[in-house]
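Everything on this sheet refers to the single structure shown next.
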Amino acid sequence: MVGLLDSVTALLPMQGELAGIVLLSLFVSGAAMAVSMLIGVPAGIFLGLHRFPGRSFLVTLVNTGMGLPPVVVGLGVFLLLARSGPLGGLDLLYTPAAMVLAQVVIATPLVVGITLAAIQGLDERLHLQILSLGASRGQLYLRLVKEARLSLVAALAAGFGSIISEVGAVMMVGGNIKGQTRVMTTAIVLQTRQGEFGNAVALGTILLGLALAINWLFTWVQQRQRA
Amino acid sequence: MSLLRLDDVAVVREGKTLLSLPRFEVEEGEILAVLGPTGAGKSTLLRILHFLERPAAGTLSWRGERVPWPAPLPLRRKISMAFQDPLLLSGTTTENVAYGLEVRGENGRGSRERVEAALRLFHVDHLAARSTRNLSGGEAQRTALARAFVLSPDLLLLDEPFAALDAPIRKHLLQELKQAVRAHGITCVYVTHEQGEAFSIADRIAVLRRGELLQAGPPEDVLRRPHSRAVARFMQTGNILPGVVSRRTEAISEVTVGPRLLFSRAGFPEGTPVHTCVRREEVLVEAPGEASPAPGLNRFPGTVEAVVDLGSTMQVRIDAGFPGLPLQSLVTRRVAHDLSLRPGGEVFATFSAASVHLIRREGSEIDDDLGNHDNL
């Protein structure tokens, strides 16, 4: 305990930088999560409701995507954004935007997969019932989101948890540049490599604390909906 | 002009034809009961009638105008539907009943009053603020009906809405529903596999089997004048005996069934192979020598084979000399008691010529089971 306190005290001189690191971590993962939900929830509902040729393949793809190694995602996004890559002209490599993109690729299959399971968990006639009450396609989707909201909060928590704690992808496409693309996980790696174990442990503790706080928030929202 | 008409509609799923309807009509203002066993295609038919599923072939016409696919939302909103399960949304009873109006952008005072009226109509007004998770089965079903009803649809589709409820509640709700539908002049298609429900609510009955419409018409016709053996069996006629019209007079046809001769009022040319249908409740059981034979009256001596207690009535199986085809009769408990009916007892089975309905027997006719319940 004393050691941990010492570590936190050791971080005090770098508290300005620390705030930036924490904020950037939250921004990158928050933005990635928002984009993933925007893409993943409608996609999950669509896959859950419709039967069409190639659907099984898509579902398999989503399931595989749920376990994608972040470092492989990082490599893919790196090659995409590298100067000689297809999107090299955008000059996004080593920017927070590249990190958001990589995390979107990691989180979206998780969101799609959990949404798909949530929709399939509802009575399959519910969507017919909603349509039969006069809902448009958009109103149907919104209502299904409401009906499956407990599971969708779980999707949010799972997605956010997976990206705020990953290091491989953000390291590759962000480059861990001080003041620009350094987030908590990459900072922990750096501090450890430099032998600053106290700082690394303190950053790890903050990361864990954040993950705990955010999950507590999600759980609170979920249980409140349930009550 | 019919409200909704289907022409040459076919629904095919995974290579299997689920529905094949050369023509199917819902008349404006009627209550049409669609009757059929499980797997007859009743629910598929409702999805087609609601434009929720695209048929593989055929056309749908709404008040004479062809319906495109996908059906326009304003047209789809002229129809509402309640399923066998209430399928309530999360939230309160009021929120559920108001949902259909809400998606139509109707949130004003008028719509609130409509919701309240629907809640009162289906006796769930005292549950208005209750979460739907805390409703009983009957309350949930009433809420689902109120939710479909509040939209004042031109066409109300009901898919066995009371199937999960106990018989007394079901009867009560059915009568309430009928009154409400009549009072508001709503056209209604009521799908059920329960004959009693169909007869107590319908102006017309359509019998569906394996995706095909076997017969549609007034309840009396479907019950007493089935067009096919399959319908006769499904309507629990009880006695369907194969025979041949052996003689025809102006008023009476004589039908030879095995060694017996039956009289019927139905007219078919001599030599026509027929199914002779006699409803089991029209076969009277009498003590031997009790009544004198009358002209045109079918009266056969027989031996009781079995008596089955059905609760309010008793079903009696009598060997009356029709080879392999005992006569079925439905009698009151009082009659069974007075005649001391028991296996081995001697009785007379009697029925009038007017009770004998004839169906032309086709050579290729297949003896198919349509959910027959008439065997002992």
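The values are calculated or read from the model by the stated rules, or taken from the named source; none is laboratory data. Keep in mind that what you see is a predicted model, and the values were worked out from it rather than measured. Backbone-built Cβ (ideal geometry, glycine too); neighbour counts: all protein chains shown.
Okay, here's what the table says:
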| item | result |
| --- | --- |
| When residues of the stretch A:114-136 are limited to those that are of a type in the set (A, V, I, L, M) and within 29 Å of the chain's Cα centre (by Cα), the one nearest to the other protein chains (Cβ to nearest Cβ) | A:Leu122 |
| Helices (runs of 4 or more DSSP H) contained in the stretch B:72-169 and holding at least 2 residues aliphatic (A, V, I, L, M) and within 11 Å of another protein chain (Cβ to nearest Cβ) | B:73-76, B:93-103, B:137-149 |
| Some residue of the stretch B:337-348 being touching a residue at least 60 places away in the same chain (Cβ under 8 Å), at negative phi and surrounded by 12 or more Cβ atoms within 10 Å (Cβ to Cβ) | yes |
| Any pair with Cβ under 8 angstrom, 6 or more apart, that starts in the stretch B:41-56 at a residue that is touching a residue at least 40 places away in the same chain (Cβ under 8 Å) and ends at one that is surrounded by 21 or more Cβ atoms within 10 Å (Cβ to Cβ) and aromatic (Phe, Trp, Tyr) | B:Leu45/B:Phe24 |
| Members of the stretch B:91-114 found to be surrounded by fewer than 17 Cβ atoms within 10 Å (Cβ to Cβ) and polar (S, T, N, Q), listed by number | B:Asn107 |
| Some residue of the stretch B:237-256 being under 18 Å from the mean Cα position of the chain (by Cα) and not aliphatic (A, V, I, L, M) | yes |
| Test result for A:Leu144, surrounded by 19 or more Cβ atoms within 10 Å (Cβ to Cβ), within 13 Å of chain B (Cβ to nearest Cβ) and touching an Asp or Glu at 6+ places or on another chain (Cβ under 8 Å) | no |
| Selected residue [at pLDDT 90 or above and closer than 24 Å to A:Phe27 by Cβ] from A:Gly204, A:Gly134, A:Gly159, A:Gly138 | A:Gly204 |
| The one condition in (1) farther than 25 Å from B:Val150 by Cβ; (2) away from chain A (no Cβ under 14 Å) that B:Leu32 fails to fulfil | (1) |
| Residue within the stretch A:59-77 that is more than 27 Å from A:Asn199 (Cα to Cα), loosely packed, with under 15 Cβ neighbours inside 10 Å, modelled with pLDDT under 90 and out of contact with any Phe, Trp or Tyr (no Cβ under 9 Å at 6 or more places or on another chain) present | yes |
| Condition check for B:Leu177: buried (at least 23 other Cβ atoms within 10 Å of the Cβ), touching a residue at least 24 places away in the same chain (Cβ under 8 Å) and closer than 19 Å to B:Leu145 by Cα | yes |
| B:Gln195 being modelled with pLDDT of 95 or more, within 15 Å of B:Leu35 (Cβ to Cβ) and either surrounded by fewer than 23 Cβ atoms within 10 Å (Cβ to Cβ) or among the aromatic types (Phe, Trp, Tyr) (or both) | no |
| Check on B:Ala40, within 27 Å of A:Leu49 (Cα to Cα) and touching a Gly at 6+ places or on another chain (Cβ under 8 Å) | yes |
| Selection within the stretch A:29-62 - polar (S, T, N, Q) and touching a helix residue (DSSP H, G or I) at 6+ places or on another chain (Cβ under 6 Å) | A:Ser29, A:Ser36 |
| Filtered residues of the stretch B:49-71 (kept if among the aromatic types (Phe, Trp, Tyr) and within 13 Å of chain A (Cβ to nearest Cβ)) | B:Phe51 |
| Single residue of A:Gln180, A:Gln194, A:Gln139 found to be without any contact (Cβ under 8 Å) to a residue 40 or more places away in the chain and away from chain B (no Cβ under 14 Å) | A:Gln194 |
| Residue match in the stretch B:237-251 (condition: charged (D, E, K, R) and within 28 Å of B:Asp203 (Cα to Cα)) | no |
| Residue check, B:Thr38 away from every other protein chain (no Cβ under 14 Å) and farther than 23 Å from B:Ile186 by Cα | yes |
| So B:Arg23, is it over 19 Å from A:Gly134 (Cα atoms), in contact with a Lys or Arg (Cβ under 9 Å, 6 or more places away or on another chain) and among the basic types (Lys, Arg) | yes |
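Here's the yes/no breakdown for (1) touching a residue at least 60 places away in the same chain (Cβ under 8 Å); (2) polar (S, T, N, Q); (3) over 14 Å from B:His275 (Cα atoms):
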| residue | (1), (2), (3) |
| --- | --- |
| B:Leu156 | yes, no, yes |
| B:Phe162 | no, no, yes |
| B:Ala167 | no, no, yes |
| B:Lys171 | no, no, yes |
| B:Arg224 | yes, no, no |
| B:Val244 | no, no, no |
| B:Thr249 | no, yes, yes |
| B:Ser253 | yes, yes, no |
| B:Leu262 | yes, no, no |
